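Q: Below you'll find the structure I mean.
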Amino acid sequence: MRKVNRMAENILVVDDDAGVQKMFKDVLESYDYRVVQATSGEEALEKYRESKPDIVIMDILMPGMDGVKTTKKLLNQDKNAKIVVVTAVGKPGLEKSCIKAGAKAFIKKPFKIDQLLKTIQNISKEGGIKW
């Protein structure tokens, strides 16, 4: 198991795809993070209240409440929530919409694990990534 310098301990992963959930869980736990999972925006709000994660990894396209709306609601619930959007959707303007909604970072799939870990570290240390 490799260690990384980090401040975040708990990460909430919000994605409706079981395979993506498993990938995030396996990777993040291999770096000694504790992972909580939610498969919808509604479940994410509940799990966030219960687990108080340091960082949220948010998908955009999900049934019901999408990731942008969930991001806004999480930030209404906790103005200090640190949300990283990770999505395969490449729609023009989506990144700007996510950042405007309050996300601290935006990562397009496919991504390199090092990119994800560096983003998590930066957000943990600085509270956000400078755009």
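The values are calculated or read from the model by the stated rules, or taken from the named source; none is laboratory data. Everything quoted here is computed from the prediction, not taken from an experiment. We place every Cβ from the backbone using ideal geometry, glycine too, and count neighbours over all the protein chains shown.
Q: For the structure I just gave you, tell me whether I99 is under 19 Å from K79 (Cβ atoms) and either at pLDDT 85 or above or crowded, with 17+ Cβ neighbours inside 10 Å (or both).
A: Here the answer is yes, as I99 does meet what is asked.
Q: Also: Given the residues K69, K25, which is the only one that is over 13 Å from the mean Cα position of the chain (by Cα) and either under 21 Å from E9 (Cα atoms) or among the basic types (K, R) (or both)?
A: K69
Q: Taking region 8-32 on its own, how many of its residues are of a type outside the set (A, V, I, L, M, F, W, C) and surrounded by 22 or more Cβ atoms within 10 Å (Cβ to Cβ)?
A: 1
Q: Oh, and also: Do we have V56 as modelled with pLDDT of 95 or more, touching a Leu at 6+ places or on another chain (Cβ under 8 Å) and surrounded by 21 or more Cβ atoms within 10 Å (Cβ to Cβ) here?
A: yes
Q: Related question: Which residue pairs have Cβ atoms closer than 9 Å, lie 6 or more positions apart in sequence or on different chains, and pair a first residue in region 19-35 that is under 10 Å from I113 (Cβ atoms) and among the small types (G, A, S) with a second residue that is at pLDDT 95 or above and part of a helix (DSSP H, G or I)?
A: No pair meets every condition.
Q: Kindly provide the set of residues from region 82-97 that are within 10 Å of the chain's Cα centre (by Cα) and hydrophobic (A, V, I, L, M, F, W, C), ordered by number.
A: Selection gives I83, V84, V85, V86.
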